[in-house]
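Working notes, structure below.
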Amino acid sequence: QECDHSGNERLEGRELEEFCRRLLRRPELEELFGRYSGEDRVLSAEELQDFLRDQGEDSSLRQARAIIRTHELNDKAKQQDLMMLDGFMMYLLSAAGDILNQEHTKVHQDMSQPLSHYFISSSHNTYLTRNQVGGSSSTEAYVRLLSVGCSVPGAECGVPGAPCPVPAAEGCPPHAQKSPYPVILSLENHCGLEQQATMARHMKAILGDRLLTRPLQGQDPHELPSPEQLKEKILVKGKKLPELWQEPRGVTSLLDPEEEEEEEEEEEEKMQERSPRRVSPELSALAVYCQAVPFPGLAQALRHPQPCHVSSFSERKARKLIKEAGPALVRYNARQLSRVYPLGLKMNSANYNPQEMWNAGCQLVALNFQTPGYEMDLNAGRFLPNGRCGYVLKPPCLHCPPGEASRRLALHIRVITAQQLPKLNRDKGSSIVDPFVRVEIHGVPADCAKQQTHHKLNNGFNPRWEETLRFQVRVPELALVRFVVEDHDSTSCNDFVGQFTLPLPSMRQGYRHIHLLAKDGASLAPATLFVHV
């Protein structure tokens, strides 16, 4: 109405332009722009250099000119190496103004270290599209997860309704995989001997050269190979027959590690059928670097390390180990792989907090990817850097313990504004949110903390807080930072609006935009937060 100067109840020409300008107005960016541009309200390349210097970025004249050429909308200004307010806004809303270090959107870590030195994105009951008990199953779930960078899909074989991993492998040609680094197929095997042999044959036929069937030539047997050495390969995690048993047909009675867990936690796992105790030589031959074994105990495992052995722990068993022998578990995880999985009793496929497992160096922290929540937000944040390739190098304190002490970090986040937050209930006329922002630190127990701003009444369009939240972080290299926007409700639970999670070492300082995500990880564009770090 304010822009309808002609009073004809529609917007035309200049009126529409004015309407858009007022929608897109960002008073806080105008103030910031004015601080560096001075009275003429035009930013020269030299003034832009001052801004870049304060941002902690490359502040060379060449870089300033390149930014103007890329983001300035006015051709005349561009030719004179000048930046107007619109260009400055476009720059800060682009990837260049994102809170995530853009260098980390590609593979930037050393990929030549042993597999045990990496956190590896892992899913549990991959074939399920809903809950853990009774949810519908689909091979599409494998394809979807591999395409978002999951490197360890869990495959349950021989259970009614669960697709065998073979069609999953068939449905996932190399181009469907987001990452060139190895996929580890974690088999939970309930098949009879004949089915196992058939499954092994099919996997060989379908996966061909990609399936790893023998140790790499010249590989040190006392150390796992690296993701770089295993590029484009598919590894099988499964039970292995002792060498002298390879010939006769499946004469072993090796317990599945998850089955061993089930026996330990009987009251919980009664509902789960037992895995077969026998394994066929054909399937056994496919377990090369990921041989599933019952956990021998930390003392034995540290005395006689077996890099190719993988033990699985339920979340409860893992917590118990961390509590009783955390530092020893870190040393164990520096040499060989361990897998943690959710308790089978959780009918609704609820997840556990993966951060406590990562703190202990566990690599394969398997979650129910079909269940949204803060646990999956943390998982997505953990594997956001390094080109989302599904492998993230553990900090030195976890792969070379005892490493040097971490440098404590003071983190100050000024929450300035939010833009265009979605309405949560579109049917209700009064569905405008009362938003507040909470910043959470997830890391070692001493670092876990959260703080929040006050809420702003009835403003999802351009709420302004200007509140600074302060944190002390003792082990920054393990910390994740989660930004959450919620709708304040004085009578019931606050409603989730959006979030974004990233590792602290991948976070850039200065004035930054945070592009918010929905519960299921989908983009909420154009909803953003604007902060100063």
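The values are calculated or read from the model by the stated rules, or taken from the named source; none is laboratory data. Not measured: the values here are computed from a predicted model. Note: ideal-geometry Cβ built from the backbone for every residue, glycine included; neighbour counts use all protein chains shown. The accessibility values were calculated without ligands, DNA or RNA, using every heavy atom of the protein model including side chains. Shrake-Rupley method; radii C 1.70, N 1.55, O 1.52, S 1.80 Å.
In this structure, is residue 364 of a type in the set (A, V, I, L, M), touching a Lys or Arg at 6+ places or on another chain (Cβ under 6 Å), buried (at least 22 other Cβ atoms within 10 Å of the Cβ) and within 23 Å of residue 178 (Cβ to Cβ)?
Details: of a type in the set (A, V, I, L, M): yes; touching a Lys or Arg at 6+ places or on another chain (Cβ under 6 Å): yes; buried (at least 22 other Cβ atoms within 10 Å of the Cβ): yes; within 23 Å of residue 178 (Cβ to Cβ): yes.
Answer is yes for this residue.
Residues in region 180-205 that are more than 29 Å from the chain's Cα centre (by Cα) and surrounded by 19 or more Cβ atoms within 10 Å (Cβ to Cβ): 190, 191, 196, 199, 200.
Here residue 406 meets the list (1) in contact (Cβ under 8 Å) with a residue 60 or more places away in the chain; (2) more than 30 Å from residue 31 (Cα to Cα); (3) crowded, with 21+ Cβ neighbours inside 10 Å; (4) of a type outside the set (A, V, I, L, M) almost entirely, failing just condition (3). Here residue 211 clears all of (1) within 18 Å of residue 291 (Cβ to Cβ); (2) modelled with pLDDT under 95; (3) out of contact with any Pro (no Cβ under 7 Å at 6 or more places or on another chain) except the condition numbered (2). You will find that of 232, 247, the residue that is assigned to a loop (DSSP other than H, G, I, E, B), of a type in the set (D, E, K, R), in contact with a helix residue (DSSP H, G or I) (Cβ under 9 Å, 6 or more places away or on another chain) and modelled with pLDDT under 75 is 247 and no other.
Considering only region 170-179, how many residues are modelled with pLDDT of 85 or more and surrounded by fewer than 16 Cβ atoms within 10 Å (Cβ to Cβ)? Count: 0. Quick check, is residue 30 part of a helix (DSSP H, G or I) and open to solvent by 30 Å² or more (accessible area, probe 1.4 Å)? Here the answer is yes, as residue 30 does meet what is asked.
If we keep just the residues of region 406-462 that are of a type in the set (Gly, Ala, Ser) and touching a Lys or Arg at 6+ places or on another chain (Cβ under 6 Å), which is farthest from residue 474 (Cα to Cα)? Let's see the steps before the verdict.
Taking region 406-462 first, the residues of a type in the set (Gly, Ala, Ser) are 406, 410, 418, 429-431, 443, 446, 449, 460.
Next, only the ones that are touching a Lys or Arg at 6+ places or on another chain (Cβ under 6 Å) stay: 431, 446.
Values: 431: 41, 446: 7 Å.
Per the stated criteria, the residue is 431.
Listed here are the residues, each with its yes/no results for (1) aliphatic (A, V, I, L, M); (2) at pLDDT below 95; (3) more than 19 Å from residue 196 (Cβ to Cβ).
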| position | (1), (2), (3) |
| --- | --- |
| 265 | no, yes, yes |
| 271 | yes, yes, yes |
| 275 | no, yes, no |
| 278 | no, yes, no |
| 302 | yes, no, yes |
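Going by the conditions given, is residue 467 acidic (Asp, Glu) and either touching a residue at least 40 places away in the same chain (Cβ under 8 Å) or not assigned by the TED database to the domain that holds residue 295 (or both)?
yes
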